[in-house]
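First up is the structure itself, then whatever we jot down about it.
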Amino acid sequence: MPRPDQAAYMLRAAAGAAGRAYKQQLLELLDIRAGQTALDVGCGPGADLPALAERVGPEGTVIGVDHDTAMLDEVRRRTGGWPVVEIREGDAHALPVEPGSVDRAKIDRVLMHVARPADVLAQLHLVTRPGALVGLVEPDWDTLVVDAEDVGTSRAFTRYTTSDVVRHATIGRGLARLAEQAGFTVETVLATAPVFRDFQDADHTLGLGRNMQRAISDGYIDEARGRRWFASLAEGPFFAAFTLVSVICSR
């Protein structure tokens with residue numbers, strides 16, 4: 001199955017019930033105030049930038065950074081009415097942001113994909129001011145559970161996701177440790193379990209079909225067994241969940 005359009009995929013994930021809940025919680029914990037400078041690293045299509053702009057107000061600044069030019073085009077389209085939003089093309093390993101200039105920062109489901117998470121956190125430490133708050137959110141894909149009568153294939157699917165699909169699939173559990181190693185003080189650690197009861201929603205967000213096809217193509221899961229497993233999920237009732245870790249740390 002083809003990979004979905006990334007901008008549409010990210011916007012749909014952010015708009016879902018699970019996405020709205022943890023994002024709202026993250027913004028509240030970051031305690032963003034009027035006049036501050038807020039940074040969104042790996043901002044993608046800009047789903048969170050309007051909420052940041054509302055909180056910093058007309059005297060503040062929101063900086064969205066992403067390396068994908070197609071994503072940045074979508075961001076500019078979505079945030080054209082927010083004069084406080086600045087869009088910058090750049091790598092998370094070398095942020096295009098002045099050292100010590102940021103009051104609040106967030107990086108949401110990005111560290112699992114980057115080459116060197118520790119270097120990205122070092123960059124966040126560099127660009128934030130003393131007293132700044134930084135929010136980190138990452139899943140732990142090793143905790144992905146998909147209900148099926150064929151429990152063995154569900155377990156094999158999770159193992160394949162962890163070993164072959166996501167670069168740093170278990171980074172969620174290490175966020176607090178990595179933040180402290182980067183020089184931050186960890187203030188809050190939360191773990192939530194987004195629950196999926198709708199098969200189509202889970203297939204879109206968790207990549208059940210496309211990743212099972214990859215597992216079959218790689219010889220990780222037998223084709224007949226994998227196809228039976230996927231077909232059974234669509235018959236319902238459906239349940240899947242994983243652990244999402246949020247860390248708030250101070251500079």
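Details
- Only a single criterion out of (1) of a type in the set (Gly, Ala, Ser); (2) at pLDDT 95 or above; (3) at positive phi is not satisfied by ALA231, namely (3).
- Test: residue in segment 108-128 that is touching a strand residue (DSSP E or B) at 6+ places or on another chain (Cβ under 7 Å), surrounded by fewer than 18 Cβ atoms within 10 Å (Cβ to Cβ), on the phi > 0 side of the Ramachandran plot and part of a loop (DSSP other than H, G, I, E, B): no
- Of all the criteria given as (1) on the phi > 0 side of the Ramachandran plot; (2) crowded, with 21+ Cβ neighbours inside 10 Å, the one not satisfied by ASP31 is (2).
- In segment 36-85, the residues that are part of a loop (DSSP other than H, G, I, E, B) and within 20 Å of the chain's Cα centre (by Cα): GLY42, CYS43, GLY44, PRO45, GLY46, ALA47, ASP48, HIS67, ASP68
- Of all residue pairs spaced 6 or more apart or on separate chains, none has beta-carbon atoms under 8 Å together with a first member in segment 75-99 that is closer than 24 Å to HIS113 by Cβ and touching a residue at least 60 places away in the same chain (Cβ under 8 Å) and a second member that is acidic (Asp, Glu) and surrounded by 13 or more Cβ atoms within 10 Å (Cβ to Cβ).
- The sole residue among LEU175, LEU144, LEU133 that is within 19 Å of the chain's Cα centre (by Cα), in a helix (DSSP H, G or I) and surrounded by 18 or more Cβ atoms within 10 Å (Cβ to Cβ) is LEU175.
- Top-ranked residue of segment 219-251 - restricted to ones that are in a helix (DSSP H, G or I) and in contact (Cβ under 8 Å) with a residue 60 or more places away in the chain, ranked as surrounded by the most Cβ atoms within 10 Å (Cβ to Cβ): TRP229
- Of everything in segment 147-172 that is among the β-branched types (Val, Ile, Thr) and part of a helix (DSSP H, G or I), the residue that is nearest to LEU121 (Cα to Cα) is ILE171.
- Of all residues in segment 206-249, those satisfying the criterion of being closer than 17 Å to THR158 by Cβ and among the acidic types (Asp, Glu) are ASP218, ASP222.
- For PHE196, the conditions (1) crowded, with 21+ Cβ neighbours inside 10 Å; (2) without any contact (Cβ under 8 Å) to a residue 40 or more places away in the chain are fulfilled apart from (2).
- Among the residues listed as VAL146, VAL166, the single one being closer than 30 Å to SER250 by Cβ and β-branched (Val, Ile, Thr): VAL166
- Candidate set: segment 178-218, residues that are in a loop (DSSP other than H, G, I, E, B) and of a type in the set (A, V, I, L, M); chosen: the one farthest from LEU244 (Cα to Cα): ALA182
The values are calculated or read from the model by the stated rules, or taken from the named source; none is laboratory data. In this text the structure is predicted, and so the values were computed from the model without any measurement. Cβ sites come from the backbone with ideal geometry, for glycine too, and all protein chains shown count toward neighbours.
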